[in-house]
Amino acid sequence: MRNDKENLIVKLSLEFALDIIEYSELLEESKKYGIARQLIKSGTSIGANIREAQNAESKADFIHKMKIAAKEADETEYWLLLCSLSKNYPKNESLSNSLQPIIKILSKIISSSKSE
């Protein structure tokens, strides 16, 4: 059964996904379709996997889904880095900044879940 009380990582990942959608639309307007598609997939997948983890069938399943979310966050970080280093891409440093707490929280959740 899912616990619907406010959950920081669920909230942050949802807000981040909404920001990624906006940035991806901006990239598409700039005809940067390839990176826009990659970002929309990985950036929204973080929250989707975190939400899925809320309904995990076991502790191992929960950890596995959170690890997938962490991998998606790392991939998203890579695409955002490429955008920031590319000359002709619209910049959005705030996305990278808002991704860092998500990565840190995911890491803490995974490590503390393993030690329980």
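Quick note: the coordinates plus some simple rules give every number you see, no bench work behind them. No experiment lies behind these values; they were computed from the predicted model shown. Every residue, glycine among them, receives a Cβ derived from its backbone with ideal geometry; neighbour counts consider all protein chains shown.
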Fill in: Per DSSP, loop GluC sites (Glu not before Pro) in the range 1-49 with at most 16 further Cβ within 10 Å
GLU6
Worksheet item: If you place +1 on the Cβ of every Lys and Arg and -1 on the Cβ of every Asp and Glu, how big does the dipole about the Cα centre of the range 8-115 come out, in debye to the nearest 20?
Response: 320
Discussion item. Let me understand the range 43-91 better: what is its radius of gyration from the alpha carbons, and its Dmax, in angstrom?
Written reply: 14.0, 46
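Restricting to DSSP loop positions (anything but H, G, I, E, B) with no more than 13 other Cβ atoms inside 10 Å of their own Cβ, which trypsin sites (Lys or Arg not before Pro) remain in the range 50-116?
Values: sites: ARG51, LYS59, LYS65, LYS67, LYS71, LYS87, LYS91, LYS104, LYS108, LYS114; in loops: LYS87, LYS91.
Hits after loop and neighbour filter: LYS87, LYS91.
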Discussion item. Just want to confirm a number: the relative contact order over the range 8-115, from Cα pairs under 8 angstrom separated by 6+ residues, in percent.
Written reply: 29
Item to complete: Please identify the helices of the chain, taking whole runs of DSSP H, that span at least 27 Å along their own axis as judged from the Cα atoms and have a mean Kyte-Doolittle score of 0.0 or higher.
Response: 8-29, 93-115
Worksheet item: Which whole number in µm²/s is D for the range 8-115 by Stokes-Einstein, with the Kirkwood Rh taken over Cα pairs at 4 °C and 1.567 mPa s?
Response: 93
Worksheet item: Of SER42, ALA70, PHE16, which is farthest along the charge dipole of the chain in the positive direction, counting Lys and Arg as +1 and Asp and Glu as -1 at C-beta?
Response: ALA70
